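Take a look at the structure set out below.
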């Protein structure tokens, strides 16, 4: 098949890009969601009409240019329509996680000064409305689905469908005057180290990202009729750009996943060509694929083992002609079966949001699934770099910078970034802005290097480096990644700053735990298991396997078991599935300190 190479046009703002694609695509399908068990689509033209109508409605109810509008919704077509309509009305979107607490909502409304909030369901409104009522700025609430306000106080309620009906408008009525340097949205960071900060992303920053991502797809894979399956929360900068505006730039279709529990079925239904994912999903998929292969018999297990050996050789650059027959055999047997689990036409899974353990990437490459690990930050709209087949995929790197993006390494090893993708600053936070933006360079807080092919390699977070009592540095994400590769361990956090050795909090893998209990005929009461010496010894063997590949400084000497999995709901994970170290240290700090006294 001939590869189609295109260049993204230069657009003044995100709304103009969308309207251009909508004019080109017309009645072709654009946004898909599941309704009554059936996939239902909205065309580009219908989406544009709804964007124009909601934008007209927002103006009619009193919103003015520059006003902030908070958006609280699960992934669905109305999320995209609302976001574009807010911008088409000259306002600024403030995307917010549906997992936020009332306190989180209060902070973001007050900090952003949001004048209006758009919320999708009555369930989500239960957490949002108390915050909106108390806030000094919020005056308007728009419900995508019907909201029943028992006592609104100073709030003015509107319904989505009413706005559509009463303010029907033609897309030609949209006058998108925003310039590339104007703020498009304020995205609040996940808060791994404290209160979220509002990153001001301008239209040009996101358009810069879209252009860079389109260049990668066009030159390395060919720009065709792409299909995206949207899974990560659109309130996160990674999905906002990668799962919404990148597809719009490509003129692609977007399907909204029904959630993690139905993701595998959705992939087989939708047959996406692209997916934006986080490393945690790869770990889940690897476990599922490995178990499925295990059940298929000796031949399948043999082929998977050979694929892993060959994958490791390719990653090390040691594969030769003698490996060619096995490569061909795998290409005719194992890999097509794996491809079908992803729908059969996936070009690439793009990983970002957190570091991808190289072994995970090698596993998927070995079984025929192309993994492009990217790197970025909300402060860079958010993509800074991405691995590219044409440069050479190397799983311990995050690829070369996007086109028109400057990256250099400071004297202390910190990665610095400059270009249109860099934010203008944090909303109402001059001190933090001055700390991370210096002479036009974004100080990422990440430590890394650039290899001979221009690929960035992240070695650790500057602020997350553990310095032991001897002044030796330990990169926690590397060790934690190795621990979670063990079948016995689902999650881990290591600890040891200014201490003589490393200790850890471990979350045992639930499937492994069930199997362990079944083998021993014991009940699976976790509180009892936590005190079971044989169970702890089995986990200790997993830790020792990891220690065998670590330096003396990095090795885990002792560990405690977590009371419950790290999760968004208990605030131990961010919505993008990074561990919140400060929260975990508050919960387990005393027990971890106790490991040095026992």
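The values are calculated or read from the model by the stated rules, or taken from the named source; none is laboratory data. Being a predicted model, the structure only gives us computed values, none of them experimental. Positions of Cβ are backbone-derived with ideal geometry, glycine not excepted, and every protein chain shown enters the neighbour counts.
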Scan 89, 82, 114 and give me the residue that is over 26 Å from residue 246 (Cα atoms) and either surrounded by 21 or more Cβ atoms within 10 Å (Cβ to Cβ) or without any contact (Cβ under 8 Å) to a residue 24 or more places away in the chain (or both).
-> 114
Filtered residues of segment 414-430 (kept if assigned to a strand (DSSP E or B) and at pLDDT below 95) | 414
Of these, 452, 492, which one is free of Cβ contacts under 8 Å to residues at least 24 places away in the same chain and not assigned by TED's automatic domain parsing to the domain that holds residue 572?
-> 452
Within the group 250, 232, which residue is buried (at least 21 other Cβ atoms within 10 Å of the Cβ), touching a helix residue (DSSP H, G or I) at 6+ places or on another chain (Cβ under 7 Å) and over 30 Å from residue 101 (Cα atoms)?
-> 250
Does residue 346 satisfy the condition of being surrounded by fewer than 23 Cβ atoms within 10 Å (Cβ to Cβ) and either outside any helix (DSSP H, G or I) or touching a helix residue (DSSP H, G or I) at 6+ places or on another chain (Cβ under 7 Å) (or both)?
-> yes
What residue, of 252, 265, is touching a strand residue (DSSP E or B) at 6+ places or on another chain (Cβ under 8 Å) and not assigned by TED's automatic domain parsing to the domain that holds residue 184?
-> 252
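Report whether or not residue 433 is in a helix (DSSP H, G or I) and either surrounded by fewer than 17 Cβ atoms within 10 Å (Cβ to Cβ) or touching a strand residue (DSSP E or B) at 6+ places or on another chain (Cβ under 8 Å) (or both). Even if it seems obvious, please write down each step before you answer.
Numbers: in a helix (DSSP H, G or I): yes; either surrounded by fewer than 17 Cβ atoms within 10 Å (Cβ to Cβ) or touching a strand residue (DSSP E or B) at 6+ places or on another chain (Cβ under 8 Å) (or both): yes.
Yes; evaluated as a whole, the condition is true for this residue.
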Does residue 493 satisfy the criteria of being within 29 Å of residue 373 (Cβ to Cβ) and under 24 Å from the mean Cα position of the chain (by Cα)?
-> yes
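Just to be sure, is residue 377 free of Cβ contacts under 8 Å to residues at least 60 places away in the same chain, crowded, with 22+ Cβ neighbours inside 10 Å and under 19 Å from the mean Cα position of the chain (by Cα)? Please lay out each step first, then the result.
Details: free of Cβ contacts under 8 Å to residues at least 60 places away in the same chain: no; crowded, with 22+ Cβ neighbours inside 10 Å: yes; under 19 Å from the mean Cα position of the chain (by Cα): yes.
Judged against the criteria, residue 377 is not a match.
Here is a yes/no grid of residues against (1) assigned by TED's automatic domain parsing to the domain that holds residue 314; (2) assigned to a loop (DSSP other than H, G, I, E, B); (3) at pLDDT 90 or above:
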{"residue": "338", "(1), (2), (3)": "yes, no, no"}
{"residue": "354", "(1), (2), (3)": "yes, yes, no"}
{"residue": "359", "(1), (2), (3)": "yes, no, no"}
{"residue": "365", "(1), (2), (3)": "yes, no, no"}
{"residue": "375", "(1), (2), (3)": "yes, no, yes"}
{"residue": "385", "(1), (2), (3)": "yes, no, yes"}
{"residue": "399", "(1), (2), (3)": "yes, yes, yes"}
{"residue": "408", "(1), (2), (3)": "yes, no, yes"}
{"residue": "412", "(1), (2), (3)": "yes, yes, no"}
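Got a sec? Which of 197, 271 is touching a strand residue (DSSP E or B) at 6+ places or on another chain (Cβ under 6 Å), more than 20 Å from residue 91 (Cβ to Cβ) and surrounded by fewer than 23 Cβ atoms within 10 Å (Cβ to Cβ)? Can you show your working first?
Details: 271 fails: touching a strand residue (DSSP E or B) at 6+ places or on another chain (Cβ under 6 Å).
Just a single option satisfies the conditions, and that option is 197.
Give the residue, chosen from 19, 8, that is surrounded by 16 or more Cβ atoms within 10 Å (Cβ to Cβ), more than 23 Å from residue 146 (Cβ to Cβ) and not assigned by TED's automatic domain parsing to the domain that holds residue 180. Talk me through it step by step, then tell me what you get.
Working: 19 fails: not assigned by TED's automatic domain parsing to the domain that holds residue 180.
When all the criteria are applied, what remains is 8.
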Wholly within segment 210-279, strands (runs of 3 or more DSSP E) carrying at least 3 residues that are at pLDDT 95 or above | 227-230, 253-256
Selection within segment 533-572 - buried (at least 19 other Cβ atoms within 10 Å of the Cβ) and part of a loop (DSSP other than H, G, I, E, B) | 554, 562, 566, 572
So how many residues does segment 126-161 have that are closer than 20 Å to residue 54 by Cα and in contact (Cβ under 8 Å) with a residue 12 or more places away in the chain?
-> 16
Please state which of the following conditions residue 404 fails to meet, knowing it meets all the rest: (1) over 30 Å from residue 552 (Cβ atoms); (2) surrounded by 13 or more Cβ atoms within 10 Å (Cβ to Cβ); (3) at pLDDT 95 or above.
-> (2)
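On the basis of being assigned by TED's automatic domain parsing to the domain that holds residue 485, in a helix (DSSP H, G or I), surrounded by fewer than 20 Cβ atoms within 10 Å (Cβ to Cβ) and touching a strand residue (DSSP E or B) at 6+ places or on another chain (Cβ under 8 Å), does residue 585 make the cut? Step through it out loud before you land on a result.
Details: assigned by TED's automatic domain parsing to the domain that holds residue 485: yes; in a helix (DSSP H, G or I): yes; surrounded by fewer than 20 Cβ atoms within 10 Å (Cβ to Cβ): yes; touching a strand residue (DSSP E or B) at 6+ places or on another chain (Cβ under 8 Å): yes.
Answer is yes for this residue.
Among the candidates 393, 421, 416, single out the residue that is under 14 Å from residue 372 (Cβ atoms), surrounded by 14 or more Cβ atoms within 10 Å (Cβ to Cβ) and in contact (Cβ under 8 Å) with a residue 24 or more places away in the chain. Spell out the reasoning first.
Numbers: 421 fails: under 14 Å from residue 372 (Cβ atoms); 416 fails: under 14 Å from residue 372 (Cβ atoms).
Answer to the check: 393.
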Only unsatisfied item for residue 132, checking (1) under 26 Å from the mean Cα position of the chain (by Cα); (2) surrounded by 13 or more Cβ atoms within 10 Å (Cβ to Cβ); (3) closer than 19 Å to residue 74 by Cα, is (1)
